[in-house]
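Student: Below is one structure. I have some questions about it.
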Ligand SMILES: *Cc1c(COP(=O)(O)O)cnc(C)c1O
């Protein structure tokens with residue numbers, strides 16, 4: 001540890017909760033206390049019993065309400081996280097030609113999953129430099145467009161739009177955006193995410209909001225006769241979800257925590273409220289970074305700066321690693337940047353669970369540390 005790790009932050013400067021990680025993210029402590037109380041009714045009981053199926057049903061209903069899903073849209077879920085959903089989309093949704101908007105580590109992983117599939121003839125990547133984002137290039141014959149709402153690796157929130165072609169599906173990786181950013185269900189056919197980001201839960205699950213077109217595509221693609229492993233068959237996942245269960249055993253704690261977050265957000269006013277809370281945190285943080293002489297937002301275009309994941313670059317003469325280590329030594333954790341981005345940067349999550357006052361406190365802690373380096 002460098003000498004600066006011994007800088008002790010004054011207690012009155014510290015945030016009430018020091019968790020600013022981009023995922024797994026802060027889980028409110030009272031959710032965890034509630035979880036401990038479920039041991040007779042949920043945890044350690046069969047996942048096919050009514051209590052667990054009720055939990056899945058309530059999650060599906062609450063997501064429908066939170067996102068105001070139009071009639072005919074369905075909520076499906078299963079094991080494996082957003083990463084599994086990429087492989088599932090490759091097997092069950094893309095017919096033969098996909099286009100991927102690539103502007104960070106996560107969007108590039110989906111594109112490479114598609115490239116590896118022998119039955120997908122064309123995989124087009126439209127790229128932009130990290131820190132910005134590309135736009136859809138409409139190409140005749142593309143049957144699936146893959147967008148990412150919030151690039152968690154770079155802190156870019158991309159605008160979403162639908163191409164003209166009525167037959168093409170629009171798949172949106174919404175991990176880290178879903179639950180903290182407004183979205184119009186008309187622009188997507190699948191809006192999918194893992195719940196360990198804005199939904200303050202654990203990893204392991206994927207959740208997808210599906211349009212009727214996505215549901216019929218899943219059936220149609222499997223009928224093409226290609227080999228689809230059952231875990232990657234979206235039509236099987238949809239059938240199970242309609243029964244309020246997952247194809248194989250889920251982590252009940254993950255479901256419980258996600259439901260707690262849904263209940264908390266809905267009881268305060270729904271997506272508009274959650275969105276405003278993240279936006280408030282973001283305006284505190286970006287205003288501070290704009291004003292600081294030694295720090296500036298990595299994302300140059302203010303319109304693309306994420307309200308959920310802020311990436312802040314530091315001047316060369318200030319080592320962001322030392323700031324992150326010092327924060328960590330004082331109980332403020334997970335402000336390190338996405339490792340592969342390789343910048344002199346802090347990455348700070350602004351999910352709805354995080355109190356805007358704590359973001360304010362964090363900026364003061366950073367100022368305090370920099371003043372003493
Ligand atoms: C975290 C994240 C993923 C990966 O989620 P897993 O649950 O680890 O599969 C994918 N896409 C985005 C945008 C993410 O932020």
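Student: Of the residues that make up segment 322-331, is at least one within 22 Å of residue 6 (Cβ to Cβ), in contact (Cβ under 8 Å) with a residue 60 or more places away in the chain and not in a helix (DSSP H, G or I)?
Tutor: yes
Student: Then there's this: Checking residue 61 against (1) buried (at least 18 other Cβ atoms within 10 Å of the Cβ); (2) away from the ligand (no atom under 16 Å from the Cβ); (3) within 28 Å of residue 272 (Cα to Cα), only one condition comes out false. Which one?
Tutor: (1)
Student: Which one of these is crowded, with 16+ Cβ neighbours inside 10 Å, in contact with a strand residue (DSSP E or B) (Cβ under 7 Å, 6 or more places away or on another chain), touching a residue at least 40 places away in the same chain (Cβ under 8 Å) and at positive phi: 131, 141?
Tutor: After ruling out the rest, the residue left standing is 131.
Student: Follow-up. Can you tell me which residues in segment 192-212 are away from the ligand (no atom under 12 Å from the Cβ) and touching a strand residue (DSSP E or B) at 6+ places or on another chain (Cβ under 9 Å)?
Tutor: 208, 209, 210, 211, 212
Student: Just a yes or no: is a residue in segment 308-325 buried (at least 22 other Cβ atoms within 10 Å of the Cβ) and more than 24 Å from the chain's Cα centre (by Cα)?
Tutor: Within segment 308-325, one or more residues are buried (at least 22 other Cβ atoms within 10 Å of the Cβ) and more than 24 Å from the chain's Cα centre (by Cα).
Student: Can you confirm whether segment 174-181 contains a residue that is buried (at least 17 other Cβ atoms within 10 Å of the Cβ), part of a strand (DSSP E or B), in contact (Cβ under 8 Å) with a residue 60 or more places away in the chain and within 16 Å of the ligand (Cβ to nearest atom)?
Tutor: No: segment 174-181 contains no residue that is buried (at least 17 other Cβ atoms within 10 Å of the Cβ), part of a strand (DSSP E or B), in contact (Cβ under 8 Å) with a residue 60 or more places away in the chain and within 16 Å of the ligand (Cβ to nearest atom).
Student: Tell me the helices (runs of 4 or more DSSP H) entirely within segment 202-320 that contain at least 1 residues that are at pLDDT 95 or above and at positive phi.
Tutor: Output list reads 270-291.
The values are calculated or read from the model by the stated rules, or taken from the named source; none is laboratory data. Keep in mind that this is a model prediction, so the values were computed, not measured. For neighbour counting, all protein chains shown are included, and Cβ atoms are generated from backbone atoms with ideal geometry for every residue, glycine included.
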